[in-house]
Amino acid sequence: MTTSIQDVAQKAGVSISTVSRSFTRPELVSAKTRERVLAIADELNFSLSRSAAALKSGRSLRIAVLMSGHIRLWFTASVIEGLNEVLHAEGYDISIFQISSIEERREFFEMLPVRRNADAVIVISFDIDSKEIAQLTSVDVPIIGINTAESEQHGFAAAVNIDDHQGSTLAARHLMNLGHRRIAYISTDRDISLSFSVRGRFNVFMETCRKEGIDPQVVVCKVDGDGHYQISDVVTQLMSLDEMPTAIACQEDGIALPLMFQLERNGFSVPGDVSLIGYDDSFYTNDIGLTTIRQDPVEMAHIAARMTLDLIDEKPVKDPFITFPAHLVVRSSTSRIK
């Protein structure tokens, strides 16, 4: 008779997840527990077979992750890390589908490769239209969003989002409260971006400023074929304005951090000549003193992953749609206008 993972768990007095982790993620199990589990597995002649487990459960033990842009970006990399920490421990692999252009987007939804080989679909910071939602829904597996617009209305089973409305409002009000009225906003091209956060942050920031009679100057940060921001071009655009802004808000820290160095290389003091605020609270922001809006994509991913597992197991999810508050982190890159 074939020994099952349940047999090992029962004899060892641990959960099935602990048995799985003892084989796949030993660092998550105490040495004593793992030693006992492995000894019992050896005694019962048990080996963890992924294909056998998948066949028995009728599942692929794979989660499809649909994302826009490059994996190396701070937010995306952090989300992937958070998802993997939870899902891998439960025996699931992640299949990443990276969509970097309109053409790739069209091809993905036409081919829909997740149809046959995933137990759930997680959508990361991707602006999906109604037709694409219908295509995903046809896969008949749970769809979970991370940083996705109007998730509940679009038919997602669950979602975890940052409150971008609150975050952009905090950023705009911070600069205005410091007395700044010549404000610039740096963003990527919103017409070709696949991320809804880009549009949402921009719209809210502009609206908040305009309510106070301020019309920020918009500067578009170009992106090259390798996904790198063209920061030198941003500086050129700023210096070509009739008046240099006294404050600059950036769509994300990935623009703000290199921009700070480029401005100083061109003779501008931050925050003496120009205040600078980012968005994310990513790597190195604390080290260089960048004022920014904080979000925690790793924790967001942890929650989304746990909800994904519950949905796969057809367990009820108490709060399927969660919005994380944004937090303004004031550091040394912003100051009151002189």
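Look through segment 321-330, keep the residues that are under 15 Å from SER168 (Cβ atoms) and β-branched (Val, Ile, Thr), and return whichever of them is least open to solvent (accessible area, probe 1.4 Å). Reasoning before the result, please.
So the first thing to find is which residues in segment 321-330 are under 15 Å from SER168 (Cβ atoms), and the list is 323-329.
From what's left, β-branched (Val, Ile, Thr): 323, 329.
On the way: THR323: 86, VAL329: 21 Å².
Here the answer is VAL329.
Quick test for you: out of ALA149, ALA118, pick the one residue that is in a loop (DSSP other than H, G, I, E, B) and either open to solvent by less than 20 Å² (accessible area, probe 1.4 Å) or aromatic (Phe, Trp, Tyr) (or both).
ALA118
From the list GLY289, GLY227, pick out the single residue that is within 25 Å of ASP129 (Cα to Cα), open to solvent by less than 70 Å² (accessible area, probe 1.4 Å) and not β-branched (Val, Ile, Thr).
Details: GLY289 fails: within 25 Å of ASP129 (Cα to Cα).
Step by step, each of GLY289, GLY227 is checked, and only GLY227 is within 25 Å of ASP129 (Cα to Cα), open to solvent by less than 70 Å² (accessible area, probe 1.4 Å) and not β-branched (Val, Ile, Thr).
Step by step: first the residues of segment 59-96, then only those that are of a type in the set (A, V, I, L, M, F, W, C) and surrounded by fewer than 17 Cβ atoms within 10 Å (Cβ to Cβ), then the one that is modelled with the lowest pLDDT. Which residue is that? Show your work before the answer.
Looking only at segment 59-96, we keep the residues that are of a type in the set (A, V, I, L, M, F, W, C), and these are 61, 63-67, 71, 73-75, 77, 79-80, 83, 86-87, 89, 94, 96.
Narrowing the set further to residues that are surrounded by fewer than 17 Cβ atoms within 10 Å (Cβ to Cβ) leaves 71, 77, 94, 96.
Numbers: ILE71: 84, ALA77: 92, ILE94: 91, ILE96: 89.
Per the criteria, the residue is ILE71.
Return the residue satisfying two criteria in turn: it lies in segment 255-284 and is at positive phi and either touching a helix residue (DSSP H, G or I) at 6+ places or on another chain (Cβ under 9 Å) or in a helix (DSSP H, G or I) (or both), and of such residues it is most open to solvent (accessible area, probe 1.4 Å).
The residue in question is TYR284.
Mind counting the residues in segment 84-113 that are under 30 Å from PRO26 (Cβ atoms) and in a loop (DSSP other than H, G, I, E, B)?
Counting residues in segment 84-113 that are under 30 Å from PRO26 (Cβ atoms) and in a loop (DSSP other than H, G, I, E, B) gives 2.
GLU252: more than 19 Å from the chain's Cα centre (by Cα) and either of a type in the set (Ser, Thr, Tyr) or open to solvent by 20 Å² or more (accessible area, probe 1.4 Å) (or both), yes or no?
Taking the combined requirement at face value, the residue does not satisfy it.
For segment 289-326, give me the residue count where each residue is in a strand (DSSP E or B) and in contact with a Gly (Cβ under 8 Å, 6 or more places away or on another chain).
So the answer is 3.
Looking at segment 188-209, is at least one residue farther than 26 Å from ALA149 by Cα, open to solvent by 30 Å² or more (accessible area, probe 1.4 Å) and touching a residue at least 12 places away in the same chain (Cβ under 8 Å)?
no
Among the residues of segment 292-320, write down those that are closer than 30 Å to LEU178 by Cα, open to solvent by 70 Å² or more (accessible area, probe 1.4 Å) and not basic (Lys, Arg).
Let us first name the residues in segment 292-320 that are closer than 30 Å to LEU178 by Cα, namely 292-297.
Remaining after also requiring open to solvent by 70 Å² or more (accessible area, probe 1.4 Å): 294, 296.
Listed by number, the list holds a single entry, ASP296.
The values are calculated or read from the model by the stated rules, or taken from the named source; none is laboratory data. Model, not experiment: these values are computed from the prediction. Quick reminder, even Gly has a Cβ in these numbers, built from the backbone with ideal geometry, and neighbours come from all protein chains shown. All accessible areas refer to the heavy atoms of the entire protein, side chains included, with ligands and DNA or RNA removed. Shrake-Rupley method; radii C 1.70, N 1.55, O 1.52, S 1.80 Å.
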